[in-house]
Protein chains: 2
Amino acid sequence: MASRVTDQAVYDAVLKVIADQGYERATTRAIADAAGINEVTLFRRFTSKENLLRQAVRSNFVGFALDLDAPGDDVAADLLTIVSYYARLYETRGGVVLTLMREAKFSPDVAAVLAEPEALLEKVDEVILHHQRRGALVTEPPRHTFFALVGPLMMRSFARRVDQRATQAPADPEAVVRRFLDGHRPG
Amino acid sequence: MASRVTDQAVYDAVLKVIADQGYERATTRAIADAAGINEVTLFRRFTSKENLLRQAVRSNFVGFALDLDAPGDDVAADLLTIVSYYARLYETRGGVVLTLMREAKFSPDVAAVLAEPEALLEKVDEVILHHQRRGALVTEPPRHTFFALVGPLMMRSFARRVDQRATQAPADPEAVVRRFLDGHRPG
DNA sequence: CTCTGATGCAAGTGCTCACTTGCATCAGCG
DNA sequence: CGCTGATGCAAGTGAGCACTTGCATCAGAG
């Protein structure tokens, strides 16, 4: 029988609690409370705190993965896929993502969990390399290109966190790609 | 009788350990080991972990405070004092500073300790306000002006952390102030 | 209605960690 | 040499937390 509180609802709770407490300070008790279930039930359903985070991350960050398996001829289109993904990610989950990235440096658990979304990055690298080889992008380490592309989105999310008053409009992925290509098409 | 291991040596150890582990994961045991003293001695001399951090921060960040009590007529000179202070801070302690700033959001202890250096910021605000009133700077919330001034230094420190390979030259405070004033002198 | 599987609750286990205590040692000062 | 005050070491205390166990309850499928 399905559970009264859905898995996704629990995932939302985890991410929310982690967003304001950080992973290590987020007690399983607090997570359970936020999800409206008993702590024991939490463990019965998700085994461990780390596994719970893993499933939440998988479901929310990795789940709706990009259609990048076969990069095509159109640089702009492929980059747009990437930017749209990260724009949406930071738009909806910016808080947790930044928090987890910070904590990954110190907490082996968090680092382990983030290994999975990191694998996404390798896919992205391949796409960038593909277009570099086709002569559509300046040649540099793909990860650099990636940061140049997505960095502005991260910064926006970061700035919003530091400076609340800025009611910034959500980033327009098409504009981001356009601006980026202006600077990264080989002359 | 003075202690064989000086207070400053212990402070260095704390800041170093916190820089790579973060405050919460930095056990007093690890700190004592890094300082080359017994954990018990640590407590006998510094009372508590939080107090130890406080004294380390006080000694390293607040101790050599700025000569800003009486802002003068020369905007450039006063801003240079500020920038030089933060340039040196990030140059020598960038790692810990960023780590502590991150953790302050989650850990009340860290937040409490950082309240003291925060007070420095109020002094800075006053100086900026002073020069705004004298018509030497564009009018905006002083904290914004501060971030515009010091932000680049923080970003440089942050970037160095993310992207190791960049052997960036240390920031030149005079250049920073010059560039800043170009954009913030009222037209 | 009955059976089953998921849930809640109370209590407990084991680990880590900040912090303590008692005692032996050691360096400098008279 | 004898005193003092700081240090080291071994052991322990108490709290927080991830995770477990046993039992009662309750909702849905047959």
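Read the figures in this text as sums done on the coordinates, not as results from a lab. Given the structure is predicted, the values throughout are model-derived calculations rather than measurements. No Cβ is skipped: glycine too gets one built from the backbone with ideal geometry, and neighbour counts run over all protein chains shown.
Given a cut-off of 22 Å, name the pairs among A:Lys123/B:Lys105; B:Lys16/B:Lys105; A:Lys49/B:Lys16; A:Lys105/B:Lys16 whose C-alpha atoms lie farther apart than that in the structure shown. Among A:Lys123/B:Lys105; B:Lys16/B:Lys105; A:Lys49/B:Lys16; A:Lys105/B:Lys16, the Cα-Cα distance tops 22 Å for A:Lys123/B:Lys105; A:Lys49/B:Lys16. Among the trypsin sites (Lys or Arg not before Pro) in the range A:29-138, those placed in a DSSP loop whose Cβ has at most 16 other Cβ atoms within 10 Å are A:Lys105, A:Arg134. Among residues other than A:Pro173 with Cβ under 14 Å from its Cβ, the summed charge is 0 (Lys and Arg +1, Asp and Glu -1). Distances from A:Thr27 to itself in the other copies, using label points 7 Å out along the Cα-Cβ axis, amount to 2.1 nm in increasing order. Over the protein assembly as shown, dividing the summed -39,500 (n - 2.57) contributions of all DSSP H runs of at least 4 residues by the number of residues returns a 222 nm mean residue ellipticity of -23000 deg cm²/dmol. For the range B:102-183, the set of GluC sites (Glu not before Pro) satisfying both a DSSP loop assignment and a count of at most 10 other C-beta atoms within 10 Å is empty.
Percent of C-alpha pairs per 10 Å bin in the range A:7-59, short distances first: 29, 66, 5. In terms of the Cα gyration tensor, with a ≥ b ≥ c the square roots of its eigenvalues, is the range A:65-150 rounded because a/c is under 1.5, prolate because a/b exceeds b/c, or oblate? Judged from the Cα gyration tensor, the range A:65-150 comes out prolate (a/c at least 1.5, a/b above b/c). Label-point distances for B:Pro141 to the equivalent site in the other copies, using a point 7 angstrom along Cα→C-beta, read 3.6 nm when ranked shortest first.
The value of relative contact order for chain B, using C-alpha pairs under 8 Å at least six residues apart, is 23 percent.
For chain B, return all DSSP H helices satisfying: extent of Cα atoms along own axis at least 18 Å; mean Kyte-Doolittle hydropathy at least 0.5.
Sorted by number, the helices that extend far enough and score high enough are B:75-104.
Can you tell me how the protein assembly as shown classifies by the Cα gyration tensor, rounded, prolate or oblate, using a/c under 1.5 as the rounded cut? Because a/c hits 1.5 or more and a/b fails to exceed b/c, the protein assembly as shown counts as oblate.
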